[in-house]
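Presented below is the structure to which this report refers.
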Amino acid sequence: MSWHPQYRSSKFRHVYGKAASKEKCYDCVPITHNVHDNHFCAVNPHFIAVVTECAGGGAFLVIPIHQTGKLDPHYPKICGHKGNVLDIKWNPFNDFVIASCSEDATVKIWDIPKHLLTRNITSPKKELLGHVRRVCLIEWHPTANNILFSSGYDYKIMIWNLDTKEDVISNPVKILEAHKDVVLSMSFNTDGSLLATACRDRKIRLIDPRAGTVLQEGSYKSHRVNKVLFLGNVKKLFSTGTSWWNNRQIALWDQNDLSVPLLEEDLDGSSGLLFPFYDSDTHMLYVVGKGDGNIRYYEISSEKPYLNYLMEYRSHLPQKGVGMMPKRGLEVSACEIFRFYKLIPTKSLIEPISMIVPRRSESFQEDIYPLTTGTQPALTAQEWLNGVNKGPLLVSLRPGSGAVSSITQFLEPEPLMKTTDLSQHQGWGERMPLEDVQKTREIKDSRKQLKVEEKLLKKEQMRLSNGFDIFECPPPKTENELLQMFYRQQEEIRRLRELVNQRDVQIKQLKLELGNLCVDTGSY
């Protein structure tokens with residue numbers, strides 16, 4: 001019997017990883033030597049934050065995203081903690097607010113100034129006091145504003161409401177005491193109504209965070225879980241861990257049944273942790289190995305085999321931690337669908353790695369850039385605490401696009417023209433037939449639509465230059481960037497010419513229809 005290989009068609013089959021050039025890396029960064037299993041790096045479109053070495057307490061650096069090259073050894077730090085910083089996370093709805101947790105059992109919220117830092121920041125905006133042992137994990141709620149989750153070595157997960165005027169908050173709104181050991185990982189589903197956790201007792205738990213109840217609990221004898229991740233809206237969980245023989249292992253679980261994994265696979269015999277990242281827009285899953293330079297990536301499907309291996313990015317430089325750029329910070333003109341920031345402590349280097357879909361055209365690719373999560377919260381903190389669930393507000397990554405509202409806006413219909421108005425316009429007092437009235441109304445509607453489109457185009461041209469926000473897009477630094485900008489300008493000019501030609505054709509058609517209408521009415 002002959003064997004027929006199964007070929008699977010996918011637009012992401014040929015995705016490849018591209019490391020940034022030396023001048024686009026961040027050099028001379030004193031990356032922390034802490035052995036805790038966290039990312040130690042957080043990124044947004046304005047800043048990159050990285051935990052650093054500091055004598056007499058904990059600190060982290062906040063570097064503007066475009067300030068690449070060698071870092072000044074005296075660059076200011078955020079250094080208000082009395083113990084080592086273990087985790088940092090940017091607020092998903094405010095690019096100038098960051099949270100940090102530390103071995104000093106506190107969580108601090110910091111305001112980052114929009115201008116360059118000139119001195120160390122030591123006083124936080126808010127301080128959260130509730131844990132009695134060191135705090136190892138923090139997570140912002142994905143849809144509700146100012147809701148923060150923290151987990152510590154006291155085996156508790158605390159929910160904080162930051163919508164208060166108090167600078168020091170000692171009472172969390174909820175304490176989850178479902179765990180009997182240290183929580184190693186936390187992950188939310190898309191609307192933030194469910195929380196998945198991985199614990200040192202080898203169990204995965206699915207929790208309703210507002211009620212504090214455990215909905216599902218599962219463990220598998222051959223899988224010792226370290227990290228767990230919700231896979232968007234496909235109702236599945238992904239976990240990384242180790243097997244009986246200490247091989248690095250990945251597993252896929254059904255959200256409604258955690259008794260047995262849907263899929264279990266050994267990867268290699270390395271000892272480093274595996275960090276999972278999921279892109280719900282492209283349904284791609286990335287598995288980053290700590291202590292090596294590899295990034296494996298898969299595509300998730302709703303049917304068996306569920307997990308489809310695509311390729312692997314390899315590098316000889318081992319990573320200690322990794323940061324991830326949100327989708328709104330990617331370069332869509334280069335077909336970049338994901339970007340990692342790799343921490344290399346042996347060289348004091350932060351290296352960006354872009355995952356790129358090879359495409360010839362530099363125009364916007366709608367099939368690989370669907371609507372994605374924006375910067376506006378869907379709920380207030382109190383609404384979420386009251387039991388409201390709502391998915392994230394979506395935006396388009398097309399240059400010049402804004403937030404997508406849940407209420408569709410329509411143009412107001414043009415009021416019917418009276419016969420007297422038409423007769424005054426035509427210059428005689430006879431009544432026009434109904435067909436002519438409808439034709440005239442169609443012409444008026446077409447004219448109005450044309451004027452609205454022209455106004456929108458003018459407004460877009462005033463705000464944008466070549467499809468990019470003039471206030472956000474930095475000037476090109478290298479010859480390659482200059483060429484890319486030139487090609488974008490050429491593409492934009494071509495698009496505008498096509499638009500102008502379409503307008504000319506519409507104007508000619510309207511003139512012909514108007515002339516035919518005058519001839520028809522003159523025959524009466």
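What to note about this one:
- Here's how it looks for Lys125: its modeled amide H is under 5 Å from those of Ile109, Trp110, Asp111, which are all 5 or more places away or on a different chain.
- Neighbour cut-off at most 15 other Cβ (10 Å), DSSP loop, GluC sites (Glu not before Pro), region 295-359: Glu303, Glu331
- Restricting region 133-180 to trypsin sites (Lys or Arg not before Pro) in coil, as DSSP defines it, with at most 12 other Cβ within 10 Å: Lys165, Lys180
- When the trypsin sites (Lys or Arg not before Pro) in region 5-50 are filtered for DSSP coil states and for at most 11 other beta-carbon atoms within 10 Å of their beta-carbon, the remaining sites are Arg8.
- Estimated vicinal HN-Hα couplings, Hz - region 95-101 in sequence order (Karplus 6.51, -1.76, 1.60; Gly, Pro = x): 6, 10, 10, 9, 10, 9, 10
- Under 5 Å from the amide H of Ser102 lie the amide H atoms of Leu86, Val135, each residue being 5 or more positions distant or on a separate chain, with H modelled from the backbone and absent for Pro and chain starts.
- Counting only protein heavy atoms and a 1.4 Å probe, region 16-373 has 40 square angstrom of accessible area per residue.
- A dipole drawn for region 16-373 from +1 and -1 charges on Cβ atoms has a positive end, and of Ile353, Cys79, Ser243 the residue lying farthest that way is Cys79.
- Applying the Karplus relation 6.51 cos²θ - 1.76 cosθ + 1.60 with θ = phi - 60° to region 290-295 yields 3J(HN,Hα) values of 7, x, 9, x, 9, 10 Hz, where x marks Gly and Pro.
- Each of Arg210, Arg200, Arg497 has its accessible area taken with a 1.4 Å probe; listed largest first, they run Arg497, Arg200, Arg210.
- Modelled FRET efficiency - R0 25 Å, Gln489 with Ser401, Cβ distances, 0.05 increments: 0.85
- Cross-linked pairs Lys156/Lys227; Lys125/Lys390; Lys174/Lys290; Lys108/Lys235; Lys221/Lys290: Cα-Cα separations exceed 26 Å for Lys125/Lys390; Lys174/Lys290; Lys108/Lys235.
- Residues whose placed amide H lies under 5 Å from that of Ile157, excluding near-sequence neighbours: Leu176, Ala178
- Farthest toward positive dipole pole in region 1-149 [+1 Lys/Arg, -1 Asp/Glu at C-beta], among Thr32, Phe12, Trp140: Phe12
- Projected label distance in nm at Asp167 and Tyr153, using a 7 Å step from Cα toward the beta-carbon: 2.9 nm
- Taken along the Cα-to-beta-carbon direction at a fixed 7 Å, the label points for His74 and Glu217 span 5.6 nm.
- Residues of region 181-222 with amide N under 18 Å of a point placed 7 Å along Cα→Cβ from Trp245: 221-222
- Each label point was placed 7 Å from the Cα along the Cα-to-Cβ direction; for Arg202 and Gln502 their separation is 6.1 nm.
- Surrounding net charge for Ala59, when Lys and Arg each add one and Asp and Glu each subtract one, Cβ distance under 10 Å: 0
- Whole-percent carbon and sulfur share, accessible surface of region 16-373, 1.4 Å: 48 percent
- In Hz, Karplus ³J(HN,Hα) per residue of region 218-227 (6.51, -1.76, 1.60; θ = phi - 60°; x = Gly, Pro): x, 8, 10, 4, 9, 9, 9, 7, 10, 10
- Projecting the Cα positions of Ile337, Leu206, Pro45 onto the charge dipole of region 16-373 (unit charges on Cβ atoms of Lys, Arg, Asp and Glu, taken about the Cα centre) puts Pro45 furthest along the positive direction.
- Over 23 Å [Cα-Cα, region 115-245], rounded percent: 38 percent
- Charged-residue dipole, Cβ positions (Lys, Arg, Asp, Glu), region 16-373 about Cα centre, Debye nearest 20: 580 debye
- Normalised by the number of residues in region 16-373, the mean separation of alpha-carbon contacts (under 8 Å, six or more apart) gives a relative contact order of 13 percent.
- Charging the Cβ of each Asp and Glu at -1 and of each Lys and Arg at +1, and nothing else, the dipole of region 253-353 about its Cα centre rounds to 600 debye.
- Averaging Cα coordinates gives a centre for region 160-180 and one for region 144-159; these two points are 7 Å apart.
The values are calculated or read from the model by the stated rules, or taken from the named source; none is laboratory data. In this text the structure is predicted, and so the values were computed from the model without any measurement. Glycine gets a Cβ as well: all are built from the backbone with ideal geometry, and neighbour counts include every protein chain shown. All accessible areas refer to the heavy atoms of the entire protein, side chains included, with ligands and DNA or RNA removed. Shrake-Rupley method; radii C 1.70, N 1.55, O 1.52, S 1.80 Å.
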